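Have a look at the structure below, then the notes.
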Amino acid sequence: MNKIIYLASLLVLSMAKTAQAEDGSRLWLRTEMPEDITLCLDSTMPDDDGYRISGKTVTARTQMGLLYGKYALLRGEQGESHPYFKLRILNHWDNLDGTIERGYAGNSIFWNNSQRSTLNSKHSTLNSQLIKKYAEACASIGINGTVLNNVNASPKILTQEYLQQVKKIADILRPWGIRVYLSVNFGSPKALGEVNTADPLNAKVRRWWQKKVKEIYKVIPDFGGFLVKANSEGQPGPFDYGRTHADGANMLADALKPYGGIVMWRSFVYGAKHQGEDRVKQAVSEFAELDGQFRDNVILQSKNGPLDFQPREPYAPIFDHMKHTPQMAELQITQEYLGQSKHLVYLAPMWQEFFSYVEPSRLVGIAGVANIGLNTNWCGHHFSQANWYAFGRLAWNPTLTSEQIAQEWLSQTFDSKPSALNSQPSTLNSQPSALNSQPSTLNSQPSTLNSQLLSVMLRSREACVDYMMPLGLHHIFKFDHHMGPDPGGFKADYPIEWCPVYYHRANKDSIGVDRSSSGTNATGQYREPYRSLYDNIETCPEEYLLWFHRVPWTYRTKSGLTLWDEMQRHYNKGVAEVDDFAYIWQQLKPYIDEQRWEEVNGLLRFQQQDARLWRDTCLKYFAFPARN
Ligand code: GCU
């Protein structure tokens with residue numbers, strides 16, 4: 001009898017704890033592809049990438065559709081599915097020296113990556129196995145394009161030396177349906193010393209680009225096109241020659257057109273033509289008047305919000321203005337302003353919020369600023385992998401819910417055996433969190449492990465908003481690296497739009513920026529009903545209150561609290577939420593493999609401290625005016 005109990009407990013233990021060490025390198029691709037799948041090509045399927053799954057049979061029009069279908073089968077899909085967006089593109093902000101702008105997971109997998117290389121070439125090394133694995137991960141979630149270098153682009157990317165490297169990468173990615181694009185520096189012809197100007201209307205410049213494009217297509221026949229950051233944050237652009245964004249974009253578009261290439265021209269601009277204007281208004285001021293002037297292979301690529309990837313922004317009104325210009329949304333997967341690779345923040349709810357304001361049918365594609373690097377687990381934080389995953393899944397189908405996506409990711413990433421995830425841990429709900437200032441509602445209900453993790457993911461973005469930017473207070477991050485709070489940040493030698501004090505303008509009476517019709521009138525750039533809704537302090541949703549309004553400290557919020565008390569409530573709630581996440585994670589220890597448990601646990605500890613740092617720094621800074 002004793003022996004039976006002993007054996008049974010061993011079995012339970014082995015179910016509960018995955019025997020194999022896990023380092024996160026396998027991402028969500030931890031299950032072998034079943035060998036008995038029937039694959040059928042069917043020319044009557046409506047598009048190239050879609051698939052139909054019935055039982056274990058996958059039907060598609062092309063090999064690529066079959067590949068997408070196989071991964072869909074692995075995650076348990078049945079029925080028919082077609083990609084919503086034609087362009088599902090990752091943007092890597094990778095520099096040619098191997099560093100990554102806003103990259104928090106090690107150096108570039110594409111450039112100068114000697115650490116994990118197997119294949120030597122003259123100028124840099126290319127780890128083809130690693131890139132293949134990257135390609136598989138992207139294909140498994142439907143991503144079909146990648147921009148290989150930083151938008152702050154080095155002109156050198158267009159030299160033969162680097163184009164040869166691009167060709168090698170493109171060759172590895174091609175079988176996975178991933179097309180390669182490049183960011184280009186608008187000043188390239190001049191910077192490379194080949195023409196003495198980069199004026200887009202100059203015949204020599206136009207010829208230079210035509211020749212360059214021809215050279216590119218010779219080595220990469222299915223090259224996708226260019227991504228351009230022009231006249232923004234010090235980058236060269238058509239303004240340097242008195243020309244417009246349309247002149248610049250069209251010149252590149254003309255060069256690419258014969259080969260079917262596109263130009264993704266970014267609208268993230270400020271401080272150039274409209275310097276001095278409220279920064280959130282400058283994209284509309286600069287681009288709206290150009291609508292209708294772009295070639296048909298130019299796409300305007302805009303960040304989801306009008307400022308810069310804050311944890312919560314209202315949607316960017318540029319999406320209301322361009323009636324004749326195809327548009328793409330640029331989302332940021334790397335968590336520049338969301339705790340980088342140190343905070344657990346699941347971004348799908350933020351992206352869905354954006355889609356609730358900007359109808360996906362307005363867009364031809366989605367770009368995501370990648371969070372991928374040479375780190376063994378690819379993204380720095382095991383849970384940041386979920387953001388790469390969610391980006392791909394939403395680019396395929398923006399109507400998927402955050403919950404559905406998180407569930408898919410969890411079941412593929414943490415344990416393929418549902419029995420382990422769904423067992424009822426007896427101790428899980430029994431203790432209140434020691435660090436919790438408020439009792440968690442979650443812990444009062446019996447729940448499965450799977451739903452505990454799901455709950456952490458789904459609450460994580462709002463928690464981050466609460467401890468970093470309650471009520472729409474924004475951009476009070478530390479200079480340059482954007483990690484941590486700096487509400488008093490001001491540097492006389494910096495543009496004022498880079499200084500935190502510009503964004504909260506707190507004094508003893510009030511806080512916030514008046515962007516209503518009596519202030520900068522940023523609200524006037526929105527379509528109805530949002531224009532009126534945001535313009536009036538009484539109807540403005542509270543999550544955007546300090547984004548659009550300058551509000552007295554004594555103002556009563558909807559809860560009846562004063563603004564000051566309401567702010568404190570949010571900061572405290574954010575901290576309590578992170579405490580709860582850490583508590584839940586502690587309880588899950590027996591069910592999660594050791595390495596990943598330890599690594600996430602360490603990061604959650606850090607996040608707890610950092611949430612407190614945000615709360616305490618901001619409340620201390622704002623307390624003086626608030627008390628007076
Ligand atoms: C932000 C970010 C920069 C980046 C820029 C962009 O400002 O901090 O590193 O270059 O966005 O999107 O172009």
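The values are calculated or read from the model by the stated rules, or taken from the named source; none is laboratory data. A quick note: this is a predicted structure, and the numbers were derived from the prediction, not measured. Cβ coordinates were reconstructed from backbone atoms using ideal geometry, including for glycine residues, and neighbour counts include every protein chain displayed. Ligands, DNA and RNA are stripped out before the accessible areas are found, and what is left, the full protein with its side chains, is counted by its heavy atoms. Shrake-Rupley method; radii C 1.70, N 1.55, O 1.52, S 1.80 Å.
Some values worked out for this structure:
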quantity: Selection from the stretch 352-371 of residues that are within 16 Å of the ligand (Cβ to nearest atom) and aliphatic (A, V, I, L, M); calculated: Ile366, Ala367, Val369, Ala370
quantity: Residue that is out of contact with any Ser or Thr (no Cβ under 9 Å at 6 or more places or on another chain) and part of a helix (DSSP H, G or I), where the choices are Lys133, Lys167, Lys190; calculated: Lys167
quantity: Any hit, the stretch 152-175, residues being crowded, with 17+ Cβ neighbours inside 10 Å, of a type in the set (S, T, N, Q), under 29 Å from the mean Cα position of the chain (by Cα) and within 16 Å of the ligand (Cβ to nearest atom); calculated: yes
quantity: Qualifying residue in the stretch 84-92 (condition: modelled with pLDDT under 95 and not β-branched (Val, Ile, Thr)); calculated: no
quantity: Subset of the stretch 189-207 (residues that are of a type outside the set (A, V, I, L, M, F, W, C) and either under 16 Å from Gly261 (Cβ atoms) or open to solvent by 30 Å² or more (accessible area, probe 1.4 Å) (or both)); calculated: Lys190, Gly193, Glu194, Asn196, Asn202, Lys204, Arg206, Arg207
quantity: Members of the stretch 81-98 found to be open to solvent by less than 10 Å² (accessible area, probe 1.4 Å) and in a strand (DSSP E or B), listed by number; calculated: Arg88, Ile89, Leu90, Asn91, Asp94
quantity: Selection count where residues are more than 16 Å from the ligand (Cβ to nearest atom), in a loop (DSSP other than H, G, I, E, B) and either open to solvent by 30 Å² or more (accessible area, probe 1.4 Å) or in contact (Cβ under 8 Å) with a residue 60 or more places away in the chain (or both), scope the stretch 225-274; calculated: 6
quantity: Residue in the stretch 374-387 that is touching a strand residue (DSSP E or B) at 6+ places or on another chain (Cβ under 8 Å), in a loop (DSSP other than H, G, I, E, B) and either more than 16 Å from the ligand (Cβ to nearest atom) or not assigned by TED's automatic domain parsing to the domain that holds Arg596 (or both) present; calculated: no
quantity: The stretch 134-151 - residue that is more than 16 Å from Asn371 (Cβ to Cβ) and not polar (S, T, N, Q) and, of those, farthest from the ligand (Cβ to nearest atom); calculated: Glu136
quantity: Those residues of the stretch 350-376 which are open to solvent by less than 10 Å² (accessible area, probe 1.4 Å) and over 28 Å from Ile318 (Cβ atoms), in sequence order; calculated: Gly373
quantity: Condition met for Arg569 (closer than 21 Å to Ala506 by Cβ, open to solvent by 70 Å² or more (accessible area, probe 1.4 Å) and in a helix (DSSP H, G or I)); calculated: yes
quantity: Gln210 vs. criteria among the polar types (S, T, N, Q), in a helix (DSSP H, G or I), open to solvent by 30 Å² or more (accessible area, probe 1.4 Å) and at pLDDT 95 or above; calculated: yes
quantity: Hits in the stretch 266-325 (condition: modelled with pLDDT under 95 and of a type in the set (Gly, Ala, Ser)); calculated: Gly271, Ala272, Gly276
quantity: Test for Ser419: is it assigned to a loop (DSSP other than H, G, I, E, B), modelled with pLDDT under 50 and polar (S, T, N, Q); calculated: no
quantity: Residue within the stretch 59-80 that is touching a His at 6+ places or on another chain (Cβ under 9 Å) and either part of a strand (DSSP E or B) or open to solvent by 50 Å² or more (accessible area, probe 1.4 Å) (or both) present; calculated: no
quantity: Failed condition for Phe186, given (1) touching a residue at least 60 places away in the same chain (Cβ under 8 Å); (2) of a type outside the set (Lys, Arg); (3) under 15 Å from Gly261 (Cβ atoms); calculated: (3)
quantity: Conditions (1) in contact (Cβ under 8 Å) with a residue 24 or more places away in the chain; (2) out of contact with any strand residue (DSSP E or B) (no Cβ under 7 Å at 6 or more places or on another chain); (3) small (Gly, Ala, Ser); (4) closer than 27 Å to Phe355 by Cβ; number of the one not met by Ser285; calculated: (1)
quantity: Within the stretch 277-299, tally of residues that are β-branched (Val, Ile, Thr), more than 16 Å from the ligand (Cβ to nearest atom) and within 21 Å of Glu528 (Cα to Cα); calculated: 1
quantity: Complete set of residues in the stretch 300-349 that are open to solvent by 10 Å² or more (accessible area, probe 1.4 Å), more than 16 Å from the ligand (Cβ to nearest atom) and closer than 19 Å to His570 by Cα; calculated: Arg312, Pro349
quantity: Flag for Ser128 being at pLDDT below 95 and open to solvent by 10 Å² or more (accessible area, probe 1.4 Å); calculated: yes
quantity: Qualifying positions in the stretch 1-38 - open to solvent by 80 Å² or more (accessible area, probe 1.4 Å) and either under 19 Å from Lys132 (Cα atoms) or at pLDDT 80 or above (or both); calculated: Glu32, Glu35
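Residue-wise test of (1) closer than 22 Å to Asp308 by Cβ; (2) modelled with pLDDT of 95 or more.
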| position | (1), (2) |
| --- | --- |
| Met483 | yes, yes |
| Pro495 | yes, no |
| Cys499 | yes, no |
| Tyr502 | yes, no |
| Ile511 | yes, yes |
| Ser517 | no, yes |
| Glu528 | no, yes |
| Glu538 | no, yes |
| Pro552 | no, yes |
